[in-house]
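Throughout, read-outs are computed from the coordinates displayed, never taken from laboratory work. If you're wondering where the values come from, they're calculated on a predicted model, not measured in any experiment. Here the Cβ is made from the backbone with ideal geometry for all residues, glycine too, and neighbour counts use every protein chain on show.
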Amino acid sequence: MGEKNLKWYVVRTKPQKEAHVVMWLRHAEMECFLPRVRSFAQIRPLFPSYLFVHADFNIQGHYQMVKYTRGVIEILGNGEEPIPVTSEAIAIIKKRMNPQGFIEPSSHLSPGQELLVKKGPFRDLIGILEKVAPDQQRVHVLLNLMQRQIRVELPIQDLARA
């Protein structure tokens, strides 16, 4: 593929088929980007039913390959042709990702928020978020136990919004 003609395009998929479309397109040696967010115990697409494909639609057959991949609904455009997304927009999303390739949910958490503990010895208790730990994988939660407030540090994935 000619590097100078490669552009990022937004592909809309059937619900919950993003990973399947990525698999098929990567099998056809096309670069895909499916940004995901790790939210408590779940890993989900940042943009449900959408992904990005880096392709040169000037190469014969590439547009049809993407458009007719199982699970694809459409390639976003103006009705006549696909409209590319800027590389800068993709870079901004990639910059927010951690080394494991996820966008962390800590930006969605704020002190004072009520959280339900889903696992471990404090399961089914509701606590108040005090702060997110520096590693952004754990949080400090205040739990009411034995008529006093106890500070505990818990993994983000063991919690859910109350």
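Descriptive notes on the structure:
- For the chain, the number of Lys pairs separated by eight or more positions or lying on different chains, with C-alpha atoms closer than 21 Å, is 8.
- LYS131 long-range amide H proximity, modeled H, under 5 Å: HIS140
- Taking N as its residue count, the alpha carbon Rg of the chain over 2.2 N^0.38 Å: 1.35
- Just checking the listed ones, ILE43, ILE59, ILE128: in the Gaussian network model of the chain with Cα springs under 10 Å, the one fluctuating most is ILE59.
- Cut-off under 5 Å, modelled amide H: who pairs with ASP56 long-range: LYS7
- Helix 18-27 axis, angle to the chain major axis (alpha carbon atoms, nearest 10°): 40
- Ranked for footprinting exposure by Cβ neighbours inside 10 Å, fewest first, TYR63, TYR68 give TYR68, TYR63.
- Here VAL85, VAL139 are placed in order of increasing Cβ neighbour count within 10 Å, fewest first, which gives VAL85, VAL139.
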